[in-house]
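J.: Before I ask anything, here is the structure I am working with.
Read-outs throughout are calculated quantities, based only on the coordinates presented, and are distinct from any laboratory measurement. Given the structure is predicted, the values throughout are model-derived calculations rather than measurements. Neighbour counts run over all protein chains shown; Cβ positions are idealised from the backbone, glycine included.
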Amino acid sequence: MKFLTNLGLYLHIPFCNGKCAYCDFYSAFTNEELVDSYVTALIREIKQWGGKINRPIDTIYLGGGTPSLLNHRLGPLLSAVYKSFSVLDNAEITLEVNPADNILEILQNAKKAGINRISIGAQSGDDTELLILGRRHTVADTENAVRIARELGFSNISLDLMLGLPDSSCDTLRGSLDFITSLNPEHISAYILKIEEKTKFYKQRETLNLPDDDKVSDQYLFMCEYLENKGFCHYEISNFCKGNTQSRHNLKYWKCEEYLGLGPSAHSYLFGKRFYYPRDLKSFIKGITPTPDGEGGDLSEKIMLALRLKDGIKTESLPTAAIRKCELFAQNGLGILENGSFSLTNSGMLLSNTIITEILEEF
Ligand code: SF4
């Protein structure tokens, strides 16, 4: 009999009070009536799925959009989860927070609702950059959010940071890193800006003074070294942590473990199958069923995901020709091949897509 692991639960909250210039996540403008209808629909799905699944939940992640906008609705929403599923006592329960909003009340409600991990969208330590990104918050708002979270007793705080921004350089990034690390977060997620279609930045792409690929690579390598020198463990391409504070929920994605995602655009991997809810808020509220998205968890997918992680992959699962490629990458400083494992160096992580494709070609 296949051993069934604990499950992760993702709840997508598709509302924002504005649209950032770079963002293509699925979200609608906040409208209190619509938010109420959505939460009712989400609770309906939580109850339905809770009746079908008899697996303990050990991570819950409220992402978005801007889930912190739920504020007083966080309690009823999470109560529905606790009643419908068997949530383990030590479950990691994360809330993504926009520091622009009514942070004291939101964090008080989050604490009461059982949230124990806060992920704050800091993005930069420079107000001009935040303005260019179309963020609604300032550097002082981030500082304030972290201070209040600490005062309320949150001991697991993650901060988001972006690199490769318009007009940026290693020097400007250093300023943001100084700011972010001065707040002593347990965890940092750092993403390279990608210009996605249907965003404001896409329309402005010819006039944005974006650093070229080489300069963005320099920023990434500079950041990795900076954070490693500050005692952070670079445990995934874009993620750094102190001690044992890896994002347990996101580790499930990278380790190909199962999770249930509820809400428009949310993806699931459950009972060996992938499925998702379409990016359509109204149809979700009406009760649309998720769309099947094939099988998941084959060897190539596992390798692709595992190579994102510092621990990498066990070479015993690789064909000889793929191991030879790993040796070549290691000789060129892009990978580390030792003790029966292959993992990527910081430089290798920058080329992870190419490296993964080349390894998978040998299967
Ligand atoms: S707050 Fe987050 S989800 Fe909303 S528009 Fe900005 S980046 Fe996108």
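J.: Among LYS19/LYS111; LYS52/LYS83; LYS47/LYS286; LYS19/LYS200; LYS52/LYS302, which pairs are too far apart, with a Cα-Cα distance over 18 Å?
T.: Beyond 18 Å: LYS19/LYS111; LYS52/LYS302.
J.: Could you tell me what fraction of 2.2 N^0.38 Å the Cα radius of gyration of the range 1-146 comes to, as a two-decimal ratio?
T.: 1.11
J.: Still on this structure, please answer the following. Order 298-309, 70-81 from most to least packed using the mean count of other Cβ atoms within 10 Å.
T.: Those peptides, ordered most packed to least, come out 70-81, 298-309.
J.: Let me have the relative contact order for the chain, percent, based on Cα pairs under 8 Å that are six or more residues apart.
T.: This gives 15 percent for the chain.
J.: Viscosity 0.890 mPa s, temperature 25 °C: what is the translational diffusion coefficient of the range 159-300 from Stokes-Einstein with a Kirkwood Rh over Cα pairs, rounded to a whole number of µm²/s?
T.: This corresponds to a translational diffusion coefficient of 137 µm²/s.
J.: While we're on this one: For the range 311-363, what is the relative contact order in percent, using Cα pairs closer than 8 Å and at least 6 residues apart in sequence?
T.: Computed over the range 311-363, the figure is 40 percent.
J.: If you take the C-alpha gyration tensor of the chain, multiply each eigenvalue by 5 and take the square root, what semi-axes do you get, largest first, in whole Å?
T.: In descending order the semi-axes read 31, 28, 20 Å.
J.: Give the relative contact order (percent, whole number) for the range 79-227; include only Cα pairs under 8 Å separated by 6+ residues.
T.: 22 percent
J.: Using the Cα atoms of the range 311-363 to build a convex hull, what is its mean projected area in square nanometres?
T.: Orientation-averaged projected area of the Cα hull: 3.1 nm².
J.: Could the peptides 177-188, 319-330, 260-271 be put in order, highest first, of the mean number of other beta-carbon atoms found within 10 Å of their residues?
T.: With the highest mean Cβ count within 10 Å placed first, the list reads 260-271, 177-188, 319-330.
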